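Below is one structure; the comments refer to it alone.
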Amino acid sequence: MTVPGCTIAAFRSGERYLLASNSDNPWDTRTKVCVVKGNRFKYMGTQLVCPDDSLPWSNMITRGINEKGIAFTFAYVDCEPERYQGGLGFKDFGGHILGSFETLQDIEQYLQDHPVKVHGNFLFADDHGNLLVSEIHPTRKHFEWNPDQSVIRTNHFLNLPYANEQEIAETCSLIRYESGMYRLGQNEQDHVDDIKSLLRNHHLRERGAHWGGSTCNHGEKVGTVSSEIMDPLARKLEYCYGPPCGEETEMRSWGRYVPFILNEWAAEETTELTTLHGELIHKGDH
């Protein structure tokens, strides 16, 4: 089983943080954009669809934004199954967070008080200009509020004392983190163009084979299948199907970001905005 990878980031832009993600998966895995009527709140997100529906993260909303201006994204970090203590798993986590919560404080309290099966690096942002950087493991969690600098995370923890060296090596997690940090150092200021530059970054690409070595992942078996930028203040998700650089390798990339604004959609049950093959079903104006 190939674990899901990702590079995720948070940039301070004006009065709020923007979240960004590259979704790295086997080339036969795809994502699509959906609008969902949640338990309490409507939300828009990227749904991960795997050929093997039994995988823990298949059909998970891996990143998204809700009508209250809460946005989140995550990067998987490996964990031994025997450490699970019950609670929400991957399939339900994204939908529960986006569909149920309206403040970052409530999200942090929920994660402090309840066991969860999810594990990884999580970024939560709101429309008030707050960012909650979280490392979540079934037995321990680490939280940091409103860091001074831009944040980038891949598929290993920076603060929690849990590491699977084999998985870190297989996913080129340290190399991709180094690649992203290099690109962050080249940026003059934090804005959308810098975020797109990070997501399209190919620095250290040559150091990865089976799994790509750069932020924009072009591995032989695993690569970036979609890319997202989320603006909590505007309730907007910008989505790119395939590698954001536009290079056509294992899939025909859009090579551009298409904006989807949550407020343009009624709170129906579930509305698919894109297909798994990169076709636009709806762009908005509802």
For this session: Mind telling me which of 106, 78, 231 comes out most flexible in a GNM of the chain, alpha-carbon contacts under 10 Å?
Result: 106
Exercise. About its Cα centre, what dipole magnitude does region 1-106 give when the only charges are +1 on Lys and Arg Cβ and -1 on Asp and Glu Cβ, stated in debye to the nearest 20?
Worked result: 500
Exercise. Given 97, 47, 234, which one lies farthest toward the positive end of the charge dipole of the chain, if we put +1 on the Cβ of every Lys and Arg and -1 on the Cβ of every Asp and Glu?
Worked result: 234
Seminar exercise, completed: For region 72-117 (alpha-carbon point model, no solvent) the Debye-based log₁₀ I(q)/I(0) at q = 0.21, 0.23 Å⁻¹ works out to -0.81, -0.95
Exercise. What pairs in 37/91; 42/196; 196/236; 42/91; 117/236 have C-alpha atoms more than 21 Å from each other?
Worked result: 42/196; 117/236
For this session: Please report, as a whole percent, how much of the solvent-accessible surface of the chain comes from carbon and sulfur atoms (probe radius 1.4 Å).
Result: 42
Exercise. In square angstrom, what is the accessible area per residue of the chain with a 1.4 angstrom probe?
Worked result: 40
Problem set entry | Distribution of pairwise C-alpha distances over the chain, 5 Å bins, in % | 1, 6, 14, 19, 21, 19, 13, 6, 1, 0
Problem set entry | Most mobile listed residue (111, 233, 131) in the chain, GNM with C-alpha springs under 10 Å | 111
For this session: Kindly state, to the nearest 0.05, the FRET efficiency for residue 113 paired with residue 146, given R0 = 22 Å and r defined as their beta-carbon distance.
Result: 0.50
Exercise. If packing is taken as the mean number of other Cβ atoms within 10 Å per residue, what is the order of 64-71, 255-262, highest first?
Worked result: 64-71, 255-262
Exercise. Can you give the calculated 222 nm mean residue ellipticity of the chain, where each DSSP H run of n ≥ 4 adds -39,500 (n - 2.57) and the sum is split over every residue, rounded to the nearest 500 deg cm²/dmol?
Worked result: -5000 deg cm²/dmol
Problem set entry | Spherically averaged projected area in nm², based on the convex hull that wraps the Cα atoms of region 163-284 | 9.2
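The values are calculated or read from the model by the stated rules, or taken from the named source; none is laboratory data. Here the structure is a predicted model, which means the values were calculated and not measured. Cβ coordinates were reconstructed from backbone atoms using ideal geometry, including for glycine residues, and neighbour counts include every protein chain displayed. Surface areas here come from the heavy atoms of the whole protein model, side chains and all, with no ligands, DNA or RNA. Shrake-Rupley method; radii C 1.70, N 1.55, O 1.52, S 1.80 Å.
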